[in-house]
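A quick write-up on the structure given underneath.
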Amino acid sequence: MPKGSSELTASRREEIVNACEKLYQTMSFKEITLKDISVETSFSRPSIYNYFQTKEEIFLALMQREYEKWSMELSTLVRENDSMSAEDFADALAHSLEKREQLLKLLAMNHYDMEEHSRPERLTEFKIAFAASLDAVKACLDKFFPTVDRERFIFVFFPFLFGVYPYAVATEKQLHAMKKANMQFTLHSIYEMVYRCVMQLLGNTR
């Protein structure tokens, strides 16, 4: 057991976020309730309000954690490499986001609701994590590609991430509807889309 209130708070918050993440793998954002989340934890639903006031705050904390993990991975990339080719950097960045499918799903489907229904202090915590991811990508560009237009890369790449998930993942219902509509649509992997985008932004279209 954690010793002291700050460690207990962090442990309880982590348990709640883990429960939310588990449910989100099989249920939709709208379907999941605070009651569902509490069932997956070791304490009651009223206790959740000591840590989060809405389910949107829990999801926002999940996305915050995803951004933090991504930023750490990019920071390691900068620390452990003296230089990188466009191909190697695109490969590394694509693999890093391939592991962040939850982040891309939340960005594409529920980002606005999470921010709109979270308290200012929770939103600020999230924005700090998001800003760290921006800084981590900028650090990669500054070190490996100093001649690339950094601001152009950022302002194209980060909005691009909002659209990755829907082009990589489709439900059976969506696939059936596209077939009935005679829609020619090919799903691409997260890795493939990110790799191609990065290569183009770096001025290499191969």
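The values are calculated or read from the model by the stated rules, or taken from the named source; none is laboratory data. The shown structure was predicted, so the numbers you read here are calculated from the model rather than taken from an experiment. Here Cβ is always computed from backbone atoms with ideal geometry, including for glycine, and neighbour counts include all displayed protein chains.
Structure above, values below:
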read-out	value
Counted residues, the stretch 160-206 - those being touching a residue at least 60 places away in the same chain (Cβ under 8 Å) and more than 27 Å from V148 (Cα to Cα)	2
Number of the exception - L106 against (1) assigned to a loop (DSSP other than H, G, I, E, B); (2) surrounded by 13 or more Cβ atoms within 10 Å (Cβ to Cβ)	(1)
D88 being farther than 15 Å from W70 by Cβ and not aromatic (F, W, Y)	yes
Residues of the stretch 154-191 that turn out to be under 25 Å from D91 (Cβ atoms), aliphatic (A, V, I, L, M) and not in a loop (DSSP other than H, G, I, E, B), as a count	6
Test: residue in the stretch 136-153 that is in contact with an Asp or Glu (Cβ under 8 Å, 6 or more places away or on another chain), in the same structural domain as H111 (by TED's automatic domain parsing), of a type in the set (D, E, K, R) and part of a helix (DSSP H, G or I)	yes
Criterion violated by I37 - all others in (1) closer than 13 Å to E14 by Cα; (2) in contact (Cβ under 8 Å) with a residue 40 or more places away in the chain; (3) crowded, with 21+ Cβ neighbours inside 10 Å satisfied	(2)
Residues of the stretch 11-34 that turn out to be loosely packed, with under 13 Cβ neighbours inside 10 Å and over 21 Å from K105 (Cα atoms), as a count	1
Residue within the stretch 41-49 that is of a type in the set (A, V, I, L, M, F, W, C) and surrounded by fewer than 17 Cβ atoms within 10 Å (Cβ to Cβ) present	yes
Scan of the stretch 172-206 for residues that are among the basic types (K, R) and within 19 Å of E101 (Cβ to Cβ), ordered by number	R196
Residue match in the stretch 80-94 (condition: in a helix (DSSP H, G or I), within 27 Å of H188 (Cβ to Cβ), among the hydroxyl-bearing types (S, T, Y) and at pLDDT 95 or above)	no
Test result for A92, under 14 Å from L141 (Cβ atoms), small (G, A, S), touching a helix residue (DSSP H, G or I) at 6+ places or on another chain (Cβ under 7 Å) and free of Cβ contacts under 8 Å to residues at least 40 places away in the same chain	yes
